[in-house]
Amino acid sequence: MTVRNFVVFEGIDGTGTTTQLRILEKKFADKAGSLPLPAIFTCEPTSGEIGKLIRKCLRGEIAYTPDTLARLFAADRGEHIYGTNGILEHCNQGLAVFSDRYLFSSLAYQGETSDPALPETLNRDFPLPEYLFFFDIDPEISMKRVEDRSSSLEIFEKRDFQKKVRDRYCRIIDEAERNERGMRVIRIDATESIESIAEKIWGIVGNLPKI
């Protein structure tokens with residue numbers, strides 16, 4: 001199942017997905033003016049209780065097995081999609097929803113730390129977005145960005161690991177392009193300027209939501 005007006009940004013750490021989501025939110029706000037914003041901007045892990053637990057693990061404050069973390073991500077995603085004020089609820093109300101990360105992150109990251117069959121099983125029944133933007137970049141460049149912005153790195157923010165995740169992401173995106181006909185995949189060269197990437201994204205989704 002593909003959810004109309006649902007858009008996902010994906011990529012390894014440091015590709016600029018969060019920056020672009022913020023720029024996009026401002027563009028929508030400027031376009032709406034005094035009218036209600038026609039779009040919701042969100043992320044995973046979420047700000048809910050499960051998401052907070054995941055973020056503690058990512059910061060290295062608590063430790064879970066890779067399988068437990070994969071299950072936590074899936075549980076957080078279930079609430080994100082199906083819960084009160086969740087993605088499906090907003091889309092059914094005629095709003096566009098933009099999410100920084102979704103199930104493809106679990107397939108890439110938890111697929112590298114766990115048996116890939118586990119995240120595939122946990123995430124196979126979640127609906128797909130209408131648009132998937134994949135931000136691609138050399139992990140050496142992205143990790144330099146991460147290191148420049150913060151002296152405290154998360155558990156997955158390591159060059160060797162990011163290289164493996166990037167390779168896995170590419171395989172996942174290639175497969176999605178071949179098999180998921182209801183989902184449009186847009187590849188973004190994350191080395192381009194922030195402004196040019198923002199304009200490309202706006203040119204594709206600036207007319208959302210489509211009723």
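In table form, for the structure just shown:
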| item | result |
| --- | --- |
| Residue match in segment 129-136 (condition: under 24 Å from Pro66 (Cβ atoms), of a type in the set (A, V, I, L, M, F, W, C) and without any contact (Cβ under 8 Å) to a residue 12 or more places away in the chain) | no |
| Filtered residues of segment 176-194 (kept if at pLDDT 95 or above and part of a helix (DSSP H, G or I)) | Ile194 |
| Matching residues in segment 109-130 - criterion: being assigned to a loop (DSSP other than H, G, I, E, B) and either under 15 Å from the mean Cα position of the chain (by Cα) or crowded, with 18+ Cβ neighbours inside 10 Å (or both) | Ser114, Phe126, Pro127 |
| Where Ile173 falls short, out of the listed (1) among the β-branched types (Val, Ile, Thr); (2) in contact with a Lys or Arg (Cβ under 9 Å, 6 or more places away or on another chain); (3) over 26 Å from Leu69 (Cβ atoms) | (3) |
| Single condition Glu140 does not satisfy, out of (1) assigned to a strand (DSSP E or B); (2) within 14 Å of Thr15 (Cα to Cα) | (1) |
| Pairs with Cβ under 8 Å, 6+ apart, first in segment 160-180 and among the basic types (Lys, Arg), second part of a helix (DSSP H, G or I) | Lys163/Pro139; Lys164/Glu112; Arg166/Pro139; Arg168/Leu107; Arg168/Ala108; Arg168/Gly111; Arg168/Glu112 |
| Unmet criterion (only one of (1) surrounded by fewer than 16 Cβ atoms within 10 Å (Cβ to Cβ); (2) part of a strand (DSSP E or B); (3) hydrophobic (A, V, I, L, M, F, W, C)) for Phe133 | (1) |
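The values are calculated or read from the model by the stated rules, or taken from the named source; none is laboratory data. Predicted model only: the values in this text are computed from it and were never measured. Heads up, the Cβs are rebuilt from the backbone with ideal geometry, glycines too, and the neighbour counts pull from every protein chain shown.
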